[in-house]
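Working notes for the structure below.
The values are calculated or read from the model by the stated rules, or taken from the named source; none is laboratory data. Quick caveat, the model's predicted, so the values are computed rather than measured. Heads up, the Cβs are rebuilt from the backbone with ideal geometry, glycines too, and the neighbour counts pull from every protein chain shown. Please note that ligands, DNA and RNA were not included when accessible areas were found on the heavy atoms of the full protein model with its side chains. Shrake-Rupley method; radii C 1.70, N 1.55, O 1.52, S 1.80 Å.
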Amino acid sequence: MNCLICHQFIEADLTWSTIFNLRQQVPICRSCSAQLDKIGKPQCEYCGRDDQVKCLDCDRWKQQSLLTKNRAVYRYNHFLKDLISRFKYRGDYALVEVFRHDMREVFTTQFKSNSKDTRLVPIPLSEQRLASRAFNQAEAIAQLLPYPIAPLLKRTTSEKQAKKNRKQRLSMDNPFQYIGEACPSPVIIIDDIYTTGATIHHAARVLKENGIKQIASFTLAR
């Protein structure tokens, strides 16, 4: 088979280990796999980053009591930035399979104490963005995970967050509206990237205002 990222042929070693080891069935070569920089033990218990930089944004978010924690799988390096761009903006949906094993492994470790009633809430796209991309990347990520999806939110604006700087992200109006039925279960918001945390906290605010008390988030990158 060929690597889903660089398309290089992957020569499989046919042993009992490779036959039964799901990790080695991921369609990604060793070179590309090495560039996916997994986050180690989080240094920030709130946002999940694992470097020593003080999280000034987190100090502000904690005071609002909207989110219990965010956890992410990979550091947002140049390699992953290009990969997410291909996935999101160029419609390379098959790339989601590259993330399957690591996403499930980290998710299961970080949220193992959650009840079976937990629901996943993907960050929604506007109708315009969904029509142009043909799929919602956050929903595609959520489908890799072992809890049901609850589409509780609607995006009311089509502004691109990628074009906003940090100050603009933190000062933007809440772009979400609650559209689901009552959902008392714990929820985990799903998105591709946690940058300033503004998008996820806007979503968490709407969920909390509609009666959901326990809210966390899980992202592909931090």
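Output the pairs from LYS62/LYS88; LYS41/LYS112; LYS38/LYS88 with a Cα-Cα distance over 23 Å in this structure; if there are none, say none.
Long pairs (Cα-Cα over 23 Å): LYS62/LYS88.
Provide, as a two-decimal number, the C-alpha radius of gyration of the range 67-136 over 2.2 N^0.38 Å, N being how many residues it has.
Ratio of Rg to 2.2 N^0.38 Å for the range 67-136: 1.29.
Would you please give the FRET efficiency between GLN168 and ASP92, computed as 1/(1 + (r/R0)^6) with r the Cβ-Cβ distance and R0 = 45 Å, to the nearest 0.05?
0.95
Under a point-charge model restricted to the Cβ atoms of Lys and Arg (+1) and Asp and Glu (-1), what is the dipole moment magnitude of the range 70-127 relative to its Cα centre, in debye to the nearest 20?
140 debye
What does the charge dipole of the chain about its Cα centre add up to, to the nearest 20 debye, if the Cβ of each Lys and Arg holds +1 and the Cβ of each Asp and Glu holds -1?
The calculation lands at about 620 debye.
Report the FRET efficiency, 1/(1 + (r/R0)^6), for GLN177 and PHE9, where r is their Cβ-Cβ distance and R0 is 41 Å, rounded to 0.05.
Calculated transfer efficiency: 0.30.
Explain nothing, just compute: Karplus ³J(HN,Hα) = 6.51 cos²θ - 1.76 cosθ + 1.60, θ = phi - 60°, for every residue of the range 183-194 in order, whole Hz, x for Gly and Pro.
Coupling constants for the range 183-194: 9, x, 5, x, 10, 10, 6, 10, 8, 7, 9, 9 Hz.
Hey, can you list the DSSP H helices of the chain whose Cα span along the axis is 18 Å or longer and whose average Kyte-Doolittle score is at least 1.0?
Taking the DSSP H segments of the chain (at least 18 Å long, mean hydropathy at least 1.0), we get none.
Using the heavy atoms of the protein chains and a 1.4 angstrom probe, tell me the accessible area per residue for the range 59-104 in square angstrom.
Here the per-residue accessible area is 49 Å².
Label ALA134 and SER33 with points 7 Å out from Cα along Cα→Cβ: what is the distance between them in nm?
2.9 nm
Within the accessible area of the chain, what % is carbon and sulfur when the probe is 1.4 Å and the other protein chains stay in place?
50 percent
What percent do you get for the relative contact order of the range 27-125 when only Cα pairs under 8 Å and 6+ apart count?
Dividing the mean separation by the residue count of the range 27-125 yields 26 percent.
With the contact rule set at Cα under 8 Å and sequence spacing of 6 or more, what percent relative contact order holds for the chain?
Averaging sequence separation for qualifying contacts and normalising by length gives 22 percent for the chain.
To check you understand DSSP bridge types, tell me what percent of the beta bridges within the chain (both residues inside) are antiparallel, rounded to 5.
Rounded to the nearest five, the antiparallel share is 25 percent.
Quickly work out the ASN210-to-SER126 label distance, labels modelled 7 Å from Cα along the C-beta direction, and quote it in nm with one decimal.
It works out to 2.0 nm between the two label points.
Gain in length, THR157 to THR109, computed as 0.36 nm per residue apart minus the alpha-carbon separation, to one decimal in nm?
Gain on stretching THR157 to THR109: 13.8 nm.
Kindly rank 126-134, 189-197, 172-180 from highest to lowest mean number of other beta carbons found within 10 Å of each residue.
Descending mean neighbour count gives 189-197, 172-180, 126-134.
Could you order LYS112, LYS81 so the one with the most accessible surface comes first? Probe is 1.4 Å.
Sorted descending by solvent-accessible area, the residues read LYS112, LYS81.
Quote the relative contact order of the range 179-222 in percent (integer), defining contacts as alpha-carbon pairs under 8 Å separated by 6+ residues.
57 percent
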